[in-house]
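Novice: Have a look at this one before I ask anything.
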Amino acid sequence: MAARAIGGYPLRLMLRILHVGLGPLGVKIVNDLHDRGVGKVVAAVDVAPALVGKKLSQIVPGAPDKPRVQAGFDDIDFKKIDAVVVATSSDLAKCAPTFEALLREGATVVSSCEELSWPFLRHAALSKKLDKLAKQHGGRLLGTGVNPGFLMDAFPVAATAICRSVRSVEVHRFQDASSRRVPFQKKIGVGLDDAGFQAGIDAGWLRHVGLGESLHFIAARLGWKLDKWEEDRPRAVKATKAMSSGLGPVKKGLACGVHQEARGWCGRKQVVTLKFEAALGLEDPHDRVVVAGEPGIDLVWKGGVQGDIATSAIVVNSIASLLAAAPGLHTMASIPLVSCTPGAAKRA
(Lines give C-alpha, C1' and ligand atoms only; values in the text may rest on other atoms or scores of the structure.)
Protein backbone atom coordinates (compact mmCIF):
# COMPACT_ATOMS: atom_id res chain seq x y z
CA MET A 1 0.00 0.00 0.00
CA ALA A 2 1.32 3.45 -0.88
CA ALA A 3 2.66 5.45 2.04
CA ARG A 4 4.58 8.54 2.98
CA ALA A 5 6.77 9.19 6.01
CA ILE A 6 5.47 11.31 8.90
CA GLY A 7 8.09 11.81 11.59
CA GLY A 8 9.96 8.80 10.27
CA TYR A 9 6.93 6.52 10.28
CA PRO A 10 5.67 5.31 6.88
CA LEU A 11 2.01 6.30 7.19
CA ARG A 12 -0.47 4.15 5.27
CA LEU A 13 -2.96 5.95 3.08
CA MET A 14 -5.67 4.51 5.31
CA LEU A 15 -4.63 3.47 8.80
CA ARG A 16 -6.15 0.20 10.03
CA ILE A 17 -7.76 1.01 13.37
CA LEU A 18 -9.04 -1.12 16.24
CA HIS A 19 -11.59 1.01 18.08
CA VAL A 20 -12.55 0.34 21.71
CA GLY A 21 -15.59 2.04 23.24
CA LEU A 22 -18.68 3.05 21.28
CA GLY A 23 -20.29 5.68 23.49
CA PRO A 24 -21.10 9.14 22.04
CA LEU A 25 -17.43 10.18 21.90
CA GLY A 26 -16.32 6.84 20.46
CA VAL A 27 -18.95 7.04 17.74
CA LYS A 28 -17.79 10.56 16.84
CA ILE A 29 -14.17 9.41 16.59
CA VAL A 30 -15.14 6.53 14.27
CA ASN A 31 -17.10 9.00 12.13
CA ASP A 32 -14.15 11.39 11.99
CA LEU A 33 -11.69 8.65 11.04
CA HIS A 34 -13.81 7.65 8.08
CA ASP A 35 -15.09 11.08 7.02
CA ARG A 36 -11.59 12.55 6.99
CA GLY A 37 -10.05 9.51 5.31
CA VAL A 38 -7.44 9.14 8.08
CA GLY A 39 -8.28 5.59 9.10
CA LYS A 40 -10.60 2.67 8.62
CA VAL A 41 -11.96 0.83 11.63
CA VAL A 42 -11.31 -2.82 10.84
CA ALA A 43 -12.24 -4.13 14.30
CA ALA A 44 -14.38 -2.78 17.15
CA VAL A 45 -14.75 -3.73 20.81
CA ASP A 46 -17.35 -2.76 23.40
CA VAL A 47 -18.51 -4.73 26.43
CA ALA A 48 -22.13 -3.48 26.29
CA PRO A 49 -24.34 -6.55 25.65
CA ALA A 50 -26.66 -4.46 23.46
CA LEU A 51 -23.77 -3.72 21.08
CA VAL A 52 -21.86 -7.01 20.98
CA GLY A 53 -22.47 -8.83 17.69
CA LYS A 54 -23.85 -5.81 15.87
CA LYS A 55 -22.32 -4.60 12.63
CA LEU A 56 -20.34 -1.41 13.17
CA SER A 57 -22.42 0.24 10.44
CA GLN A 58 -25.56 -0.31 12.55
CA ILE A 59 -24.03 1.85 15.28
CA VAL A 60 -22.09 4.31 13.14
CA PRO A 61 -23.85 5.03 9.83
CA GLY A 62 -21.33 5.12 7.02
CA ALA A 63 -18.86 2.84 8.78
CA PRO A 64 -17.84 -0.42 7.04
CA ASP A 65 -20.36 -3.27 7.22
CA LYS A 66 -17.84 -6.03 7.84
CA PRO A 67 -16.63 -5.35 11.39
CA ARG A 68 -18.91 -6.69 14.09
CA VAL A 69 -18.57 -5.45 17.63
CA GLN A 70 -16.70 -7.90 19.84
CA ALA A 71 -16.61 -8.12 23.63
CA GLY A 72 -12.83 -8.65 23.78
CA PHE A 73 -9.58 -9.02 21.85
CA ASP A 74 -9.36 -12.81 21.48
CA ASP A 75 -10.30 -12.94 17.78
CA ILE A 76 -8.36 -9.87 16.66
CA ASP A 77 -5.27 -10.23 14.46
CA PHE A 78 -3.01 -7.47 15.73
CA LYS A 79 -0.66 -7.93 12.77
CA LYS A 80 -3.40 -6.28 10.71
CA ILE A 81 -3.83 -3.33 13.12
CA ASP A 82 -1.81 -0.10 12.79
CA ALA A 83 -3.19 1.64 15.88
CA VAL A 84 -5.84 1.38 18.59
CA VAL A 85 -8.19 4.10 19.85
CA VAL A 86 -9.66 3.62 23.34
CA ALA A 87 -12.60 5.88 24.30
CA THR A 88 -14.06 4.36 27.46
CA SER A 89 -13.42 5.76 30.96
CA SER A 90 -11.80 8.85 32.51
CA ASP A 91 -10.39 6.66 35.28
CA LEU A 92 -6.96 5.16 34.52
CA ALA A 93 -7.38 2.31 36.98
CA LYS A 94 -10.56 1.20 35.19
CA CYS A 95 -8.82 1.39 31.79
CA ALA A 96 -5.62 -0.32 32.94
CA PRO A 97 -6.62 -3.94 32.13
CA THR A 98 -7.50 -2.85 28.57
CA PHE A 99 -4.21 -0.98 28.16
CA GLU A 100 -2.19 -3.88 29.56
CA ALA A 101 -3.81 -6.37 27.18
CA LEU A 102 -3.18 -4.12 24.19
CA LEU A 103 0.42 -3.34 25.13
CA ARG A 104 1.19 -7.05 25.46
CA GLU A 105 0.25 -7.24 21.77
CA GLY A 106 2.71 -4.46 20.97
CA ALA A 107 -0.12 -2.10 20.03
CA THR A 108 0.07 1.67 19.54
CA VAL A 109 -2.75 3.07 21.67
CA VAL A 110 -4.26 6.57 21.78
CA SER A 111 -6.88 7.06 24.49
CA SER A 112 -9.21 9.82 25.66
CA CYS A 113 -8.75 8.66 29.29
CA GLU A 114 -8.23 11.96 31.14
CA GLU A 115 -6.06 10.58 33.95
CA LEU A 116 -3.72 9.11 31.34
CA SER A 117 -2.79 12.62 30.13
CA TRP A 118 -0.35 12.92 33.08
CA PRO A 119 -0.62 9.50 34.75
CA PHE A 120 2.31 10.00 37.12
CA LEU A 121 0.24 12.22 39.42
CA ARG A 122 -2.31 9.73 40.76
CA HIS A 123 -0.98 6.43 39.42
CA ALA A 124 2.81 6.41 39.79
CA ALA A 125 3.21 2.63 40.19
CA LEU A 126 0.76 1.85 37.38
CA SER A 127 2.54 4.33 35.11
CA LYS A 128 5.83 2.48 35.59
CA LYS A 129 4.11 -0.83 34.88
CA LEU A 130 2.50 0.44 31.67
CA ASP A 131 5.76 2.02 30.48
CA LYS A 132 7.65 -1.22 31.13
CA LEU A 133 5.03 -3.30 29.32
CA ALA A 134 5.09 -0.97 26.32
CA LYS A 135 8.86 -1.06 26.02
CA GLN A 136 9.02 -4.84 26.47
CA HIS A 137 6.56 -5.49 23.66
CA GLY A 138 7.20 -2.53 21.35
CA GLY A 139 3.92 -0.80 22.17
CA ARG A 140 3.06 2.85 22.70
CA LEU A 141 0.44 4.49 24.92
CA LEU A 142 -0.81 8.09 24.97
CA GLY A 143 -3.62 9.87 26.78
CA THR A 144 -4.90 13.02 25.12
CA GLY A 145 -7.94 15.19 24.51
CA VAL A 146 -8.91 18.81 24.31
CA ASN A 147 -8.77 19.21 28.11
CA PRO A 148 -6.70 17.67 29.55
CA GLY A 149 -4.33 17.09 26.66
CA PHE A 150 -4.19 20.49 24.98
CA LEU A 151 -6.04 23.65 26.01
CA MET A 152 -5.00 23.78 29.67
CA ASP A 153 -1.57 22.12 29.44
CA ALA A 154 0.15 21.40 26.09
CA PHE A 155 -0.96 24.68 24.50
CA PRO A 156 0.08 26.96 27.40
CA VAL A 157 3.46 25.21 27.53
CA ALA A 158 3.92 25.60 23.77
CA ALA A 159 3.10 29.31 24.07
CA THR A 160 6.11 29.78 26.37
CA ALA A 161 8.48 28.73 23.56
CA ILE A 162 8.97 32.44 22.79
CA CYS A 163 9.72 33.39 26.41
CA ARG A 164 13.20 33.83 27.86
CA SER A 165 11.70 33.56 31.34
CA VAL A 166 8.35 32.58 32.88
CA ARG A 167 7.15 33.58 36.35
CA SER A 168 3.63 32.12 36.29
CA VAL A 169 0.95 30.64 34.04
CA GLU A 170 -2.81 31.12 34.34
CA VAL A 171 -5.30 29.27 32.14
CA HIS A 172 -9.07 29.78 31.86
CA ARG A 173 -11.54 27.45 30.15
CA PHE A 174 -15.05 28.87 30.25
CA GLN A 175 -17.37 26.97 27.92
CA ASP A 176 -21.04 26.99 27.00
CA ALA A 177 -22.09 23.37 27.57
CA SER A 178 -25.33 23.69 25.59
CA SER A 179 -23.82 22.00 22.52
CA ARG A 180 -21.86 19.35 24.39
CA ARG A 181 -22.77 15.64 24.34
CA VAL A 182 -25.23 14.34 26.95
CA PRO A 183 -22.64 12.39 29.03
CA PHE A 184 -20.64 15.61 29.41
CA GLN A 185 -23.71 17.55 30.56
CA LYS A 186 -24.42 14.80 33.07
CA LYS A 187 -20.82 14.88 34.32
CA ILE A 188 -21.10 18.60 35.14
CA GLY A 189 -24.32 18.15 37.12
CA VAL A 190 -26.88 19.69 34.76
CA GLY A 191 -30.39 19.60 36.27
CA LEU A 192 -29.39 18.54 39.79
CA ASP A 193 -30.56 20.13 43.01
CA ASP A 194 -28.11 20.84 45.85
CA ALA A 195 -28.45 17.38 47.37
CA GLY A 196 -28.04 15.61 44.04
CA PHE A 197 -25.04 17.76 43.14
CA GLN A 198 -23.35 17.00 46.45
CA ALA A 199 -24.11 13.30 46.09
CA GLY A 200 -22.42 13.31 42.67
CA ILE A 201 -19.33 14.93 44.17
CA ASP A 202 -19.24 12.44 47.05
CA ALA A 203 -19.57 9.53 44.60
CA GLY A 204 -16.63 10.89 42.60
CA TRP A 205 -18.30 11.14 39.18
CA LEU A 206 -19.27 14.83 39.30
CA ARG A 207 -16.05 16.71 38.65
CA HIS A 208 -13.87 17.92 35.85
CA VAL A 209 -11.27 15.19 35.50
CA GLY A 210 -7.83 16.50 34.62
CA LEU A 211 -7.15 19.80 36.39
CA GLY A 212 -4.48 18.25 38.60
CA GLU A 213 -2.97 16.46 35.62
CA SER A 214 -2.83 19.68 33.58
CA LEU A 215 -1.31 21.60 36.47
CA HIS A 216 1.49 19.06 36.94
CA PHE A 217 2.10 18.82 33.19
CA ILE A 218 2.75 22.58 33.08
CA ALA A 219 4.93 22.55 36.19
CA ALA A 220 7.02 19.62 34.97
CA ARG A 221 7.63 21.12 31.53
CA LEU A 222 8.63 24.50 33.00
CA GLY A 223 10.94 22.93 35.56
CA TRP A 224 8.91 23.90 38.60
CA LYS A 225 8.98 21.55 41.59
CA LEU A 226 5.69 22.23 43.31
CA ASP A 227 5.88 22.53 47.09
CA LYS A 228 2.09 22.55 47.37
CA TRP A 229 -0.92 22.22 45.12
CA GLU A 230 -4.67 22.11 45.60
CA GLU A 231 -7.74 21.30 43.55
CA ASP A 232 -11.05 22.77 44.67
CA ARG A 233 -14.18 20.74 45.11
CA PRO A 234 -16.63 21.42 42.27
CA ARG A 235 -19.06 24.29 42.80
CA ALA A 236 -22.48 24.35 41.13
CA VAL A 237 -23.33 27.06 38.62
CA LYS A 238 -27.06 27.75 39.11
CA ALA A 239 -29.58 28.40 36.36
CA THR A 240 -30.92 31.96 36.57
CA LYS A 241 -33.92 31.03 34.41
CA ALA A 242 -35.63 27.93 33.03
CA MET A 243 -33.38 26.24 30.46
CA SER A 244 -33.33 23.23 28.16
CA SER A 245 -30.58 20.61 27.99
CA GLY A 246 -29.81 17.22 26.51
CA LEU A 247 -30.99 15.77 29.82
CA GLY A 248 -34.34 17.58 29.71
CA PRO A 249 -35.72 20.85 31.16
CA VAL A 250 -33.67 22.61 33.85
CA LYS A 251 -35.64 24.71 36.32
CA LYS A 252 -34.42 28.04 37.65
CA GLY A 253 -32.21 27.49 40.71
CA LEU A 254 -31.00 24.02 39.71
CA ALA A 255 -27.44 23.32 38.61
CA CYS A 256 -26.68 24.11 34.99
CA GLY A 257 -22.95 23.47 35.20
CA VAL A 258 -19.82 23.40 37.32
CA HIS A 259 -16.92 25.65 38.34
CA GLN A 260 -13.61 24.27 39.55
CA GLU A 261 -10.08 25.61 40.10
CA ALA A 262 -6.58 24.30 40.80
CA ARG A 263 -3.44 26.09 42.00
CA GLY A 264 0.22 25.22 42.45
CA TRP A 265 2.99 26.91 44.46
CA CYS A 266 6.77 27.04 44.42
CA GLY A 267 7.57 28.19 47.92
CA ARG A 268 5.15 31.05 48.63
CA LYS A 269 4.69 31.97 44.98
CA GLN A 270 1.60 30.77 43.12
CA VAL A 271 3.02 29.73 39.75
CA VAL A 272 0.12 27.85 38.11
CA THR A 273 -3.57 28.80 38.24
CA LEU A 274 -6.26 26.89 36.35
CA LYS A 275 -9.91 28.00 36.20
CA PHE A 276 -12.54 25.76 34.62
CA GLU A 277 -16.24 26.45 34.13
CA ALA A 278 -18.73 24.65 31.94
CA ALA A 279 -22.39 25.62 32.06
CA LEU A 280 -25.48 25.90 29.88
CA GLY A 281 -25.83 29.29 28.23
CA LEU A 282 -22.59 30.63 29.71
CA GLU A 283 -22.06 34.28 28.83
CA ASP A 284 -18.74 35.16 27.19
CA PRO A 285 -17.40 31.63 26.69
CA HIS A 286 -13.67 31.71 26.00
CA ASP A 287 -10.34 29.99 26.44
CA ARG A 288 -7.45 32.08 27.73
CA VAL A 289 -3.75 31.65 28.48
CA VAL A 290 -1.90 34.30 30.49
CA VAL A 291 1.86 33.97 30.90
CA ALA A 292 3.72 36.33 33.21
CA GLY A 293 7.20 36.36 31.76
CA GLU A 294 9.54 37.95 29.28
CA PRO A 295 7.70 38.59 27.05
CA GLY A 296 4.29 38.41 28.67
CA ILE A 297 1.54 36.58 26.79
CA ASP A 298 -2.24 36.94 26.85
CA LEU A 299 -4.02 34.71 24.31
CA VAL A 300 -7.82 34.49 24.05
CA TRP A 301 -10.04 32.24 21.94
CA LYS A 302 -13.26 34.23 21.73
CA GLY A 303 -16.26 31.94 21.93
CA GLY A 304 -14.12 29.10 23.23
CA VAL A 305 -13.27 25.78 21.61
CA GLN A 306 -16.12 23.28 21.03
CA GLY A 307 -15.00 20.38 23.16
CA ASP A 308 -16.55 17.39 21.39
CA ILE A 309 -15.21 18.37 17.96
CA ALA A 310 -11.77 19.15 19.39
CA THR A 311 -11.52 16.00 21.52
CA SER A 312 -12.24 13.72 18.59
CA ALA A 313 -9.91 15.71 16.33
CA ILE A 314 -6.91 15.60 18.63
CA VAL A 315 -7.32 11.87 19.28
CA VAL A 316 -7.34 11.21 15.53
CA ASN A 317 -4.54 13.69 14.82
CA SER A 318 -2.26 12.21 17.52
CA ILE A 319 -2.13 8.75 15.96
CA ALA A 320 0.56 9.55 13.37
CA SER A 321 2.76 11.32 15.94
CA LEU A 322 2.50 8.44 18.39
CA LEU A 323 3.39 5.94 15.66
CA ALA A 324 6.54 8.00 15.03
CA ALA A 325 7.55 7.92 18.72
CA ALA A 326 9.68 5.31 20.49
CA PRO A 327 7.91 2.50 22.38
CA GLY A 328 6.76 3.45 25.87
CA LEU A 329 4.24 5.44 27.88
CA HIS A 330 3.92 8.95 26.43
CA THR A 331 2.35 12.34 27.09
CA MET A 332 1.77 15.21 24.68
CA ALA A 333 5.22 16.47 25.69
CA SER A 334 7.10 13.39 24.50
CA ILE A 335 5.71 12.71 21.02
CA PRO A 336 6.44 14.62 17.78
CA LEU A 337 4.39 17.77 17.23
CA VAL A 338 0.71 16.99 16.57
CA SER A 339 -1.05 18.74 13.70
CA CYS A 340 -4.15 18.16 11.62
CA THR A 341 -3.58 14.86 9.81
CA PRO A 342 -4.49 14.99 6.11
CA GLY A 343 -6.92 12.40 4.82
CA ALA A 344 -6.01 9.69 2.36
CA ALA A 345 -7.07 11.67 -0.72
CA LYS A 346 -4.85 14.63 0.21
CA ARG A 347 -1.91 12.38 1.13
CA ALA A 348 -2.27 10.55 -2.17
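Novice: All but one of (1) loosely packed, with under 15 Cβ neighbours inside 10 Å; (2) at pLDDT below 95 hold for Leu282; state the number of the condition that does not hold.
Specialist: Among (1) loosely packed, with under 15 Cβ neighbours inside 10 Å; (2) at pLDDT below 95, the lone unmet condition for Leu282 is (1).
Novice: Now for a separate question. Report yes if Phe120 is surrounded by fewer than 18 Cβ atoms within 10 Å (Cβ to Cβ), among the hydrophobic types (A, V, I, L, M, F, W, C) and either closer than 17 Å to His216 by Cβ or within 21 Å of the chain's Cα centre (by Cα) (or both), otherwise no.
Specialist: Against the criterion (surrounded by fewer than 18 Cβ atoms within 10 Å (Cβ to Cβ), among the hydrophobic types (A, V, I, L, M, F, W, C) and either closer than 17 Å to His216 by Cβ or within 21 Å of the chain's Cα centre (by Cα) (or both)), Phe120 qualifies.
Novice: Among Val291, Val305, Val300, which is touching a strand residue (DSSP E or B) at 6+ places or on another chain (Cβ under 8 Å) and buried (at least 21 other Cβ atoms within 10 Å of the Cβ)?
Specialist: Val291
Novice: Looking at Arg207, Arg235, Arg221 in this structure, which one is touching a helix residue (DSSP H, G or I) at 6+ places or on another chain (Cβ under 6 Å) and not assigned by TED's automatic domain parsing to the domain that holds Leu142?
Specialist: Checking each option against the conditions leaves just Arg221.
Novice: Taking Ser127, is it surrounded by fewer than 23 Cβ atoms within 10 Å (Cβ to Cβ) and at pLDDT below 95?
Specialist: no
Novice: Does any residue in segment 282-309 that is under 12 Å from Asp176 (Cβ atoms) come within less than 8 Å, Cβ to Cβ, of a residue that is loosely packed, with under 15 Cβ neighbours inside 10 Å and of a type in the set (Ser, Thr, Tyr) six or more places away or on a different chain, and which pairs are these?
Specialist: Gln306/Ser179
Novice: Ok, one more. Residues of segment 51-65 being charged (D, E, K, R) and surrounded by fewer than 12 Cβ atoms within 10 Å (Cβ to Cβ), which ones?
Specialist: Asp65
Novice: Give segment 187-233 a look and list any residue that's more than 16 Å from Ala278 (Cα to Cα), crowded, with 16+ Cβ neighbours inside 10 Å and charged (D, E, K, R), or say none.
Specialist: Scanning segment 187-233 gives Glu213, Arg221, Glu231.
Novice: Which strands (runs of 3 or more DSSP E) does segment 254-348 wholly contain that include 2 or more residues that are out of contact with any helix residue (DSSP H, G or I) (no Cβ under 8 Å at 6 or more places or on another chain)? Working first, answer last.
Specialist: Numbers: elements: 255-266, 269-279, 286-294, 297-302, 328-330.
Correct list: 255-266, 269-279, 286-294, 297-302.
The values are calculated or read from the model by the stated rules, or taken from the named source; none is laboratory data. Just so it is clear, the model here is predicted, and its values are computed rather than measured. Backbone-built Cβ (ideal geometry, glycine too); neighbour counts: all protein chains shown.
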